[in-house]
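Here's the structure we're looking at; comments come further down.
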2 protein chains.
Amino acid sequence: MRPETNHTVGIVDDHSLFARSLEKLINSFPHFQVIFHAKNGLHLQEKIEDSNVLPEIILLDINMPVMDGFETAEWLTRHHPEIKVLALSMQDDEHTILKMLRRGVKGYLLKDIHPEILNTALKELSEKGYYHSQKVSETLLHSLTPDEEGRIFDFKENELTFIKLACSELTYKEIAVMMDLSPKTIDGYRQDLFKRLKIKNRVGLVIFALKRNLIQL
Amino acid sequence: MRPETNHTVGIVDDHSLFARSLEKLINSFPHFQVIFHAKNGLHLQEKIEDSNVLPEIILLDINMPVMDGFETAEWLTRHHPEIKVLALSMQDDEHTILKMLRRGVKGYLLKDIHPEILNTALKELSEKGYYHSQKVSETLLHSLTPDEEGRIFDFKENELTFIKLACSELTYKEIAVMMDLSPKTIDGYRQDLFKRLKIKNRVGLVIFALKRNLIQL
DNA sequence: TACGGAAAGGGGATTTTCCCTGTTTATTCG
DNA sequence: CGAATAAACAGGGAAAATCCCCTTTCCGTA
């Protein structure tokens, strides 16, 4: 990172007062410079599509009218994946964080953090490509090991095997052959599981297995 | 964290020379003390099940005969989820890391790291509950936003809606009603998608959608 | 011996899957 | 402009798979 080079930053936030002060703050950091604002996702698209300048980093508010942070993040990673997006939000619930991370966001900050943290985040973002606050790290970890609220169900070996095989394009008949059992026995497993798990069909079983981490893609 | 309290550590590694030196190293850190070794997962189970002492932290090697790190991690999170497991390994490929993290491991270190990093990791582990090296953070982030190698497929609005609805327990007839289309049209979508995506049945479609992040659970 | 479970079968309704045809609506091109 | 072409939408018909309920057999064990 050459010290004389400034990293360019774009801000997307409908709250112009906040955006202005954010710009001042960022310009006061060494090596970072705000090059534009946008009021929302649509506005951002226009800005990007006629002026050909792309910022390296975009600070993206989530709550916006017209085209919110989720849609905007999706569009950005689809059309300009090289831009590092840092989400800014008031909410810090895991679900929102994950939703943004899944859309390719490289970091997630609460709006009321200390300026110094924003500086750190920007620096890490341009050096390492991402910034993970403690909350984000925990959320990420958590997303892999869901709470398994219902460890109520414990499956027997055969049931587990069946479930795993059912989460594929195999036919029940084929599964029966693989498990060396009669198709009727397999049908028995199926029926029993459907009842216990209160599901209606095989797709329901797949969804269940995925939610409980019984299988992984 | 009371300074007079030592954090207890267990080591699971079949390589006794390495385990010994690791123990010495850890005992030299302030506030950490190794209370036992195990040669592999089975050995660990025995140790835990008759002696009633549980360590706060377990350093777990992955490559072991008899019962390897994966199985052991699975067993530990299932039976003693309060123990913080730190995986130790020679490999640093994303797949292995994810496999361990999915099994509830709280950190992942390469065996050839600097002792000071191990100290940091242990401290973070007992304070925050996890330790994420840069590699682990990147892997976690990566796991949410897969490469989408096949952005080849671009789906029309209706197809996408159909896919999403097909990843549920709805029947095609019900989906038709919801999309305000004839069941036959829905069947057309289905058939077309099966051909394009080279899948055999609805489960295949669900798997596809999940792999490409078209839906989220 | 009685009981409970796991495995297996019979039979039938529903859904899924597949192939072909036709109709309407845009879109492109001569 | 008008004809050709592509596409989205819709239907018929049939085989295969899924889903559901009920019964039987076998085996281990309380």
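The values are calculated or read from the model by the stated rules, or taken from the named source; none is laboratory data. Just so it is clear, the structure is predicted and the values come from calculations on it, not from any experiment. Ideal geometry is used to build each Cβ from the backbone, glycine not excepted, and the neighbour counts take in all protein chains shown. Accessible surface is based on the protein model in full, side chains and every heavy atom, while ligands, DNA and RNA are left aside. Shrake-Rupley method; radii C 1.70, N 1.55, O 1.52, S 1.80 Å.
Nothing charged except the Cβ atoms of Lys and Arg (+1) and of Asp and Glu (-1): what's the magnitude of the dipole of the range A:43-196 about its Cα centre? Round to the nearest 20 debye.
Computed charge dipole of the range A:43-196: roughly 360 debye.
Longest segment of chain A with no GluC sites (Glu not before Pro) in a DSSP loop having at most 15 other Cβ atoms within 10 Å?
A:5-81
Convex hull over the Cα atoms of the range B:157-211, averaged projected area in nm²?
That works out to 3.4 nm², a quarter of the Cα hull's surface.
Tell me the mean residue ellipticity at 222 nm calculated for chain B from its helices only (DSSP H runs of n ≥ 4, each -39500 (n - 2.57), averaged over every residue, nearest 500).
The per-residue figure over chain B is -15500 deg cm²/dmol.
Search the structure for amide H atoms under 5 Å from the amide H of B:ALA38, placed 1.01 Å from N in the peptide plane, and list their residues when 5 or more places away or on another chain.
Under 5 Å from the amide H of B:ALA38 lie the amide H atoms of B:ILE11, B:VAL12, B:ASP13, each far enough along the sequence or on another chain.
Which value in Å is the Kirkwood Rh of the range A:119-217 over different Cα pairs?
16.0
Check the axis relating chain A to chain B and name the residue of A whose C-beta is nearest, distance in whole Å.
A:LEU140, 2
Along Cα→Cβ at 7 Å, what distances in nm separate the A:GLY188 label point from those on the other copies, shortest first?
4.6
What does the accessible area per residue of the range A:1-107 come to in Å², with a 1.4 Å probe and no ligands, DNA or RNA counted?
Result: 49 Å² per residue.
Where the centre of each part is set by its Cα atoms, how far does the range A:57-71 sit from the range A:153-211, in angstrom?
42
How large is Rg over Rh for the range A:77-130, taking Rg from the Cα atoms and Rh as the Kirkwood inverse mean of 1/r across Cα pairs?
Expressed as Rg/Rh, it is 0.97.
Given just the C-alpha atoms of chain B, how large is their convex hull per residue in cubic angstrom?
Once divided by residue count, the hull of chain B is 163 Å³.
One-quarter of the Cα convex hull surface for the protein assembly as shown, in nm²?
Averaged projected area of the protein assembly as shown's Cα convex hull equals 25.9 nm².
Which Rg and Dmax, in Å, describe the Cα atoms of the range B:1-88?
Gyration radius and largest Cα-Cα distance of the range B:1-88: 12.4, 38 Å.
Per residue of A:197-208, how many C-beta atoms from partner chains lie within 10 Å of its own C-beta, taken as a mean?
Per residue, the average neighbour count from other chains is 4.
Averaged over peptide A:133-140, how many Cβ atoms belonging to another chain are found within 10 Å of each residue's Cβ?
That works out to 4 on average.
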